[in-house]
Amino acid sequence: MAIDFVGNHYLLNKKERNFLNRTVFSQAKSRSRKSKVIPICKIKGNTLLIDGYNILITIESICSNEDSLIISDDGVMRDVNAVFGKYKFKEITENALNAIVSLIRVYQPKDVKVFYDKPVSYSGKLAKLTGRIMENHGIIGNAETAVNVDYQLIKLYHKTSGVVATSDGIIMDKVDYILDIPCYIYKIKKKNLSLSKFIIN
């Protein structure tokens, strides 16, 4: 793999390799993925499928003003420091979820399904919290855990012809419609609009 070759040749550390893995893609792959990213208004009346940890971790970074965010070659925003397999609740977690759900509500999807990786810490707790916030916002749908979130999202995408919110390259390559939620939350924050305007307690 080219990134492994570069990493070994230049003796890159884990953080530097992670940066390359999450930001650098071939021109063909980048063009293909960029062509699939749709404006958020297109979710109206459609099923929205959300890659839970993938989206939440990036939104938490935005809310915390971290400097680890970047627009990758394939056009979507990622947190280059994201660590998978482990997760800890933060003070900002509930606000981040509220910001996500509040934004989605404005664009009136038919229903929303959120999936968290079952093997990851706190997935059950997060699913329950997400479901409660969705209910508070009047959004039809549910949040649950899944052993293989990638497989679940791809399968449901083909079943529902919906939209998938993710920056996971494996999923992006197997669906046709992708929503970059972090990009919209980031723009709201950059315009100095309070995220609290999107929160319903």
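All of the numbers you see were taken from the coordinates with simple rules; none came from a lab. As the structure is a computational prediction, the values presented were derived from the model and not from experiment. For neighbour counting, all protein chains shown are included, and Cβ atoms are generated from backbone atoms with ideal geometry for every residue, glycine included.
May I ask for log10 I(q)/I(0) of region 30-198 at q = 0.19 Å⁻¹, from a Debye sum over the Cα atoms as equal point scatterers with solvent left out?
Calculated log10 I(q)/I(0) at the listed q: -1.36.
Would you grab the residues whose amide H sits under 5 Å from the one on V37? Only those 5+ places off in sequence or on another chain, please, with H modelled 1.01 Å from N.
Here I178 satisfy the definition.
For A146, what charge total do you get from the other residues with a beta carbon under 12 Å from its beta carbon, if Lys and Arg give +1 and Asp and Glu give -1? Walk me through the numbers on the way to the answer.
Details: positive: K113, K118, K155; negative: D51, D117, E144, D150.
Net charge around A146: -1.
Net charge near E66, counting Lys/Arg +1 and Asp/Glu -1 over other residues with Cβ under 9 Å of its Cβ? All intermediate terms of the calculation are to be shown ahead of the outcome.
Working: positive: none; negative: E60, D67, D79.
Surrounding charge for E66 is -3.
Can you sort R105, R132, R78 so the residue with the fewest Cβ neighbours within 10 Å comes first?
R132, R105, R78
A165's amide H: which non-local residues (gap 5+, or another chain) put their own amide H closer than 5 Å, with H modeled 1.01 Å from N in plane and none for Pro or chain starts?
Under 5 Å from the amide H of A165 lie the amide H atoms of L49, I50, D51, L179, each far enough along the sequence or on another chain.
In what sequence do F89, F115 fall when counting other Cβ within 10 Å, fewest first? Don't jump to the answer; show the numbers that get you there.
On the way: F89 13, F115 27.
The most exposed by this proxy come first: F89, F115.
Which links in K155/K187; K86/K128; K42/K88; K42/K190; K42/K113 stretch past 26 Å when you go from one Cα to the other?
Details: K155/K187 31 Å; K86/K128 18 Å; K42/K88 33 Å; K42/K190 23 Å; K42/K113 16 Å.
Exceeds cut-off: K155/K187; K42/K88.
Assuming 0.36 nm per residue, please report the length gained on full extension of the stretch N136 to K88 beyond their Cα-Cα distance. Display every interim value, and only then the final one.
Working: separation 48, 0.36 × 48 = 17.28 nm, distance 2.37 nm.
Contour length minus the Cα-Cα distance gives 14.9 nm.
In sequence order, what are the phi-derived ³J(HN,Hα) couplings for region 142-150 according to the Karplus relation 6.51 cos²θ - 1.76 cosθ + 1.60 with θ = phi - 60°, rounded to whole Hz, with x for glycine and proline?
Rounded to whole hertz, the list is 7, 10, 8, 9, 8, 5, 10, 5, 4.
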